[in-house]
Amino acid sequence: AQSVTQLGSHVSVSEGALVLLRCNYSSSVPPYLFWYVQYPNQGLQLLLKYTTGATLVKGINGFEAEFKKSETSFHLTKPSAHMSDAAEYFCAPLTGGGNKLTFGTGTQLKVEL
Amino acid sequence: DTGVSQNPRHKITKRGQNVTFRCDPISEHNRLYWYRQTLGQGPEFLTYFQNEAQLEKSRLLSDRFSAERPKGSFSTLEIQRTEQGDSAMYLCASSPQDSGLSFFGQGTRLTVV
């Protein structure tokens with residue numbers, strides 16, 4: 001079964017600094033991979049997705065992620081953090097015939113002045 | 001707003017009571033998913049429908065839980081004889097079939113006291 005590991009349950013960066021949120025998946029078959037963002041007491045919003053093709057995927061709000069098969073990774077990055085980026089971020093592969101998502105435990109991003 | 005709509009947003013109930021949540025998906029999305037998210041965790045899959053057919057249920061979905069999607073449009077999730085361990089955010093998502101793209105509602109936060 002597909003699963004993901006998100007290293008670092010809490011990440012803190014300064015405003016304007018690079019954001020790097022880590023996600024490693026477990027599979028020998030490249031999955032479809034997603035990053036979602038969740039603001040407090042809200043649902044999940046899709047940031048970006050990898051299906052096939054280009055391994056560098058650009059998403060909303062300046063985020064991007066690179067699929068690296070050799071490292072089984074799909075890390076999320078943003079060159080310059082903004083205060084509004086403070087939220088919880090989830091990495092998730094599609095799983096099973098029903099295309100359901102299997103979420104990681106999430107990374108809480110804090111952006112400091 | 002044509003996004004996924006969930007009602008109520010918040011529900012406080014006494015242990016042992018029954019509760020029912022409603023989800024209105026994006027029109028013409030034939031897949032509808034329910035997830036549960038407890039504090040500090042990622043969402044966990046509960047069940048999904050394709051049109052009116054419930055095609056998969058997680059082991060998390062005990063006998064006290066039942067979900068329906070009678071006309072292939074809105075869905076309800078009922079929890080009977082609620083327990084404190086049922087306290088969580090219940091998230092609904094909808095998806096066009098085979099797209100792999102899930103769109104989430106704002107969630108219903110259940111507190112069992």
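What follows draws every value from the coordinates through simple rules; no lab data is involved. Nothing here was measured: the structure is a model prediction, and the numbers come from that model. Here the Cβ is made from the backbone with ideal geometry for all residues, glycine too, and neighbour counts use every protein chain on show.
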(request) Taking a cut-off of 22 Å between Cα atoms, list the lysines near A:K69, but don't count ones fewer than 8 places away on the same chain. (result) A:K49, A:K58, A:K78, A:K100
(message) As an exercise, use a Förster radius of 22 Å and the Cβ-Cβ distance of A:S9 and A:E66 to find the FRET efficiency, rounded to the nearest 0.05.
(response) 0.50
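What is the local net charge at A:L20, summed over the other residues whose Cβ is closer than 12 Å to its Cβ (Lys, Arg +1; Asp, Glu -1)?
0
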(request) Add +1 for every Lys or Arg and -1 for every Asp or Glu among the other residues with Cβ under 13 Å from the Cβ of A:G98, and state the total. (result) +1
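Taking neighbour counts of Cβ atoms within 10 Å as a proxy for exposure, in what order, fewest first, do B:T2, B:T47, A:T51 appear? Working shown, then result.
On the way: B:T2 7, B:T47 23, A:T51 16.
Starting with the residue having the fewest Cβ neighbours, the order is B:T2, A:T51, B:T47.
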(request) Using DSSP to define loop residues, name the trypsin sites (Lys or Arg not before Pro) in region B:1-104 whose beta-carbon has at most 14 other beta-carbon atoms within 10 Å. (result) B:R9, B:K14, B:R15, B:R59, B:R64, B:K71, B:R81
(message) Which of rounded, prolate or oblate describes chain B when judged by the alpha-carbon gyration tensor and an a/c cut-off of 1.5?
(response) prolate
(request) Run the numbers on chain A and let me know its relative contact order in percent, using alpha-carbon pairs under 8 Å that are six or more apart. (result) 37 percent
(message) Counting only other residues whose beta carbon sits under 13 Å from that of A:K110, what net charge do I get with K and R as +1, D and E as -1?
(response) -4
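Would you order B:M89, A:M83 from fewest to most other beta-carbon atoms within 10 Å of each residue's own beta-carbon?
Working: B:M89 22, A:M83 10.
Going from sparsest to densest Cβ surroundings: A:M83, B:M89.
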